[in-house]
Amino acid sequence: MNFKRLLIISVCILIASFSFSQSTGTIRGIVNLKDTGEPMLFTNVVLKGTTIGNATDVNGYYSITKVPPGNYTLMIASALGYDTLMVPVTVKAGEIVQKNLTLVKSNVSLKIVEITAEQEAKQTETRVSVNKIDPIVIKKLPTVGGEPDLAQYLQVLPGVIFTGDQGGQLYIRGGSPIQNKVLLDGMIVYNPFHSIGLFSVFDADIIRNADVYSGGFGAEYGGRISSVMDITTRDGNKKRVAGKLAASPFGAKVLVEGPLKKLKENSNSSISFLLSAKTSYLPTTSKLLYSYVNPDGLPFSFNDYYGKVSFNSNNGSKLNLFGFNFSDRVSYKALQDMKWDSYGGGGNFLVVPSNSPILVNGNFAYSQYKIVLKPEGEDPKSSAIKGFNMGVGFTYFMGKNELNYGLEVLGFTTDFDFYNSVGRHLSQNENTTEIGGYVKYKYVSKRKKLLIEPSFRMQYYASLSNASPEPRLGLKYNITPRIRFKAAGGVYSQNLMAANSDKDVVNLFYGFLSGPDNLPEEMTYKNGVTKDLKHKLQKANHYIFGMEFDLTRHIDFNVEVYRKDFTQLTNLNRNKIFEESQTDKPARYRSDYIIETGRAQGLDMVLKYDYKRIYVWIVYSLGYVTRWDGLQEYRPHYDRRHNANIVASYTFGKNRNWEIDARWNIGSGFPFKPTGGFYEDVNFTDGITTDYTSTNGDINYFYDEGQVKQLPWYHRLDVNVKRTFQLFENTKIEAAVGATNVYSRKNVFYFDRVLYKRVDQLPILPTVSISMTF
């Protein structure tokens, strides 16, 4: 009923806005860069001498509505590094004026860094628990292997916990990786990180923009209960053939792009392509260069391929078609073999109707992921997921206000095969469909003091026959131009659950399960109360409050407090020892799944300084994560109490062709249960005829359930020095030297309980890299 009311209200707003628009006009278009044809993101387009204007979006599109009839000068003056642009324009009542704009690089050295997307959106977006990332910012971090990578940058973000160099995963404000939705051009990517933990599947040089929501995200995103990572790739160069070659001891990369139909003056019509390939040959080079780490070499290798073709029309409408193939291989001493493969393809589109202020966007994609793990001495584990997702969205501009609404449909198949620690077989082959509809309204007060973004999502899970109504809200109050209060909250749900094993020595098995319908009929809460389950979904509620301070023109301070209540979680039952049919046994020991609850709460603080040659970023996170499994409360293995990062970048030299980057990370130790003792685990291979008095069993162990201890503190320093050589106008070479874990800190990787031996993370890894851009 609430969803129907919101739709009725939205329709009424549209009708009222349409009537008003008949007495005013609209100016819209695309802002491109002259040298590449790429769109200019998040820059302000205004009518000179007025307060009327709007910012471009991730496609470079802008729309200025409710413009009184008259003659104006359309101006862009806030794009640092580019000449100020002024274009005359005439607006008539009821008409839409199409004005595509082209920015030219300034010949005057402004001695300042280019403005970033994050700086542009401070007062015009609610910006609660979201980090906007662009390639300029990513390159300010010291890089492992010489090339910037999104995985290394994400580790610095507030609220993000990274569990290790080898097999590490990212946990965002108490949410596990399965609770983080990753989108690449609107397509779902099921595993975005390689096993070595230092590299993602994405080429940083093709990223146009990435939005990382650590909580409180709007109704346009659904199907996850913790966080969202929305990555948009750029188009290929529309003016000329260009590219990049790069190599280091870790791997190599090739990037080629160019026009299939060249962008011409006074036209926005073009066709371009972009191809990217990355490979790692670390198992080979590490035997020679890093034999002190492991004489047999580092066992991590991967290949990543991505391709894209972009079709752009004169009025700003566009179509992108893309495909990818990512693969990962590990042969580790604690494992026999692990490999995963992921591939997919699809497209997205933007439609700018000629006589309507509505913007239409959509996507369609198919992707697949499969992982196989063969632990030494154990049965193999495998997990696969494949499926499609598609959607269409509409944006209606009403001055500074916006109305967004849309529909999403996705379907997937999971195929899971797993043996738990006592040899019980768990398997699943499930098909499911999800349908989601959303509406979101952005209101900006006349004086731009107050921004409110109420939204609502209705998500239906067909396989579970459950619907989830999800109201959400974001707001910001600009107390002064330099001080802002913000808040966000909402209800979130998901179907997918993880298939990771806590018994894996190295947590590399990243599998997927569809939410099952054979859940226990009731759950026991921490207060001892037992209640019947009302649904079979995983759900969470988010609450976030924060403040933004512009201490000076170049120093920003941001603080947020958050809480996530995981009101219902589904996990594999690691304690299953009986079959489901043995109803005389306790449900705790025969059910495939258990119901849990949890909570994550904490504080994130960020201090940034960005001016001329110096960039400094200080991040501190305080977090508490707990889970309740129906019998006891426990701390997940990624519950890190304190985590801090200090990033610094300094550019120097007469032509600013030298750069030194450094990052220091320190974090308190993760929790663990100490070993309670050892026992002989006899394998009854001959059934009841096995002579257990003469059979040699395996050494196994049990935990001391009465204690929880903490690993030592983690800290690491990474440093890079880069030198750029400009050969020709469009050709340059960049050489870099650096090292990760400069002082070779012995951070704990894992403890082999059977051998009773500590194994550390990677020691110092010096590297030299070279790249050529043309």
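The values are calculated or read from the model by the stated rules, or taken from the named source; none is laboratory data. Since the structure is predicted, the reported quantities are computational estimates derived from the model, not experimental observations. Glycine also receives a Cβ, built like all others from the backbone with ideal geometry; neighbour counts cover every protein chain displayed. The protein model used for the area step is the full one, side chains on, heavy atoms only, and it has no ligands, DNA or RNA in it. Shrake-Rupley method; radii C 1.70, N 1.55, O 1.52, S 1.80 Å.
Structure notes:
- Hits in region 58-86 (condition: open to solvent by 30 Å² or more (accessible area, probe 1.4 Å) and either polar (S, T, N, Q) or at pLDDT 85 or above (or both)): Asn59, Lys66, Pro68, Pro69, Asn71, Tyr72, Thr73, Met75, Ser78, Thr84, Leu85, Met86
- Looking only at region 133-146, and only at residues there that are in contact (Cβ under 8 Å) with a residue 40 or more places away in the chain and in contact with a Phe, Trp or Tyr (Cβ under 8 Å, 6 or more places away or on another chain), the one that is surrounded by the fewest Cβ atoms within 10 Å (Cβ to Cβ): Ile138
- Qualifying residue in region 482-495 (condition: open to solvent by 20 Å² or more (accessible area, probe 1.4 Å), polar (S, T, N, Q) and either at pLDDT 95 or above or not in a loop (DSSP other than H, G, I, E, B) (or both)): no
- Counting only strands (runs of 3 or more DSSP E) that fall entirely inside region 158-216 and contain at least 1 residues that are more than 30 Å from Leu319 (Cβ to Cβ) and touching a residue at least 12 places away in the same chain (Cβ under 8 Å), the qualifying elements are 160-162, 170-172.
- Within region 357-408, the set of residues being of a type in the set (D, E, K, R), farther than 20 Å from Ile452 by Cβ and open to solvent by 20 Å² or more (accessible area, probe 1.4 Å) comprises Lys370, Lys374, Glu376, Glu378, Asp379, Lys386, Glu408.
- Filtering region 410-430 for residues that are of a type in the set (Phe, Trp, Tyr), within 20 Å of Val189 (Cβ to Cβ) and open to solvent by 20 Å² or more (accessible area, probe 1.4 Å) leaves an empty set.
- Per the listing Ser581, Ser621, the residue uniquely of a type in the set (S, T, N, Q), under 21 Å from the mean Cα position of the chain (by Cα) and either open to solvent by less than 70 Å² (accessible area, probe 1.4 Å) or at pLDDT below 90 (or both) is Ser621.
- In region 273-283, the count of residues that are part of a loop (DSSP other than H, G, I, E, B) and crowded, with 22+ Cβ neighbours inside 10 Å is zero.
- Index of the failed condition, Asn645 passing every other in (1) at pLDDT below 90; (2) within 24 Å of the chain's Cα centre (by Cα); (3) not acidic (Asp, Glu): (1)
- Residue tally, condition surrounded by fewer than 17 Cβ atoms within 10 Å (Cβ to Cβ) and over 13 Å from Asp165 (Cα atoms), over region 745-774: 13
- Failed item in (1) touching a residue at least 24 places away in the same chain (Cβ under 8 Å); (2) more than 24 Å from Asp752 (Cβ to Cβ); (3) not in a loop (DSSP other than H, G, I, E, B), with Ser301 passing the rest: (2)
- On the stretch given as region 651-694, residues that are modelled with pLDDT under 85, over 30 Å from Tyr756 (Cα atoms) and open to solvent by 40 Å² or more (accessible area, probe 1.4 Å) total 3.
- Enumeration of residues in region 598-614 that are in a strand (DSSP E or B), in contact (Cβ under 8 Å) with a residue 40 or more places away in the chain and surrounded by fewer than 20 Cβ atoms within 10 Å (Cβ to Cβ): Arg599, Gln601, Leu603, Met605, Leu607, Lys608, Tyr609, Tyr611
- The residue of region 563-577 that is least open to solvent (accessible area, probe 1.4 Å), among those that are of a type in the set (Lys, Arg) and in a strand (DSSP E or B), is Lys564.
- Given (1) under 20 Å from the mean Cα position of the chain (by Cα); (2) closer than 20 Å to Leu513 by Cβ, index of the condition Asn363 fails: (2)
- Looking only at residues in region 271-293 that are among the polar types (S, T, N, Q) and free of Cβ contacts under 8 Å to residues at least 24 places away in the same chain, the one that is farthest from Leu765 (Cα to Cα) is Thr284.
- Checking Ser267 against (1) in contact with a Lys or Arg (Cβ under 6 Å, 6 or more places away or on another chain); (2) hydroxyl-bearing (Ser, Thr, Tyr); (3) over 23 Å from Thr395 (Cα atoms); (4) open to solvent by 10 Å² or more (accessible area, probe 1.4 Å), the condition it does not meet: (1)
- Residues located in region 629-647, provided they are part of a strand (DSSP E or B) and open to solvent by less than 40 Å² (accessible area, probe 1.4 Å): Asn643, Ala644, Asn645, Val647
- Meets criteria (surrounded by 19 or more Cβ atoms within 10 Å (Cβ to Cβ) and either in contact with a Lys or Arg (Cβ under 8 Å, 6 or more places away or on another chain) or in a helix (DSSP H, G or I) (or both)) for Glu220: yes
- Qualifying positions in region 348-361 - assigned to a strand (DSSP E or B) and without any contact (Cβ under 8 Å) to a residue 60 or more places away in the chain: Phe349, Val351, Ile358, Val360, Asn361
- Residue check, Gly215 in contact with a Leu (Cβ under 7 Å, 6 or more places away or on another chain), farther than 25 Å from Val372 by Cα and buried (at least 21 other Cβ atoms within 10 Å of the Cβ): no
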